[in-house]
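One structure is given here, and the rest of the page talks about it.
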Ligand SMILES: [Zn+2]
């Protein structure tokens with residue numbers, strides 16, 4: 001990972017809500033999905049060692065996406 005990517009990750013990290021466990025992140029996804037019909041996914045953040053939500057990329061299934069919530 002380059003310095004630029006690390007800085008980018010850190011800045012997006014600061015702006016995002018951090019979930020300490022995967023379970024709380026999943027619950028947040030379900031809430032958002034019910035309210036806004038938005039599909040989100042969870043990713044683990046190495047910067048804060050927590051979980052964040054990000055918008056699902058619909059173009060093609062990425063092999064790097066390990067966890068998806070299908071509801
Ligand atoms: Zn983070």
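Where a number appears in this text, it was derived from the coordinates with a stated rule and is not lab data. These numbers come from a predicted model, not from an experiment. When we count neighbours, we look across all protein chains shown, and the Cβ atoms used for this are built from the backbone with ideal geometry, even at glycine.
Things worth noting here:
- Computed E for residue 55/residue 24 - FRET, C-beta separation, R0 30 angstrom, nearest 0.05: 0.95
- Placing R0 at 22 angstrom, the Cβ-Cβ distance between residue 38 and residue 7 gives a FRET efficiency of 0.25 after rounding to 0.05.
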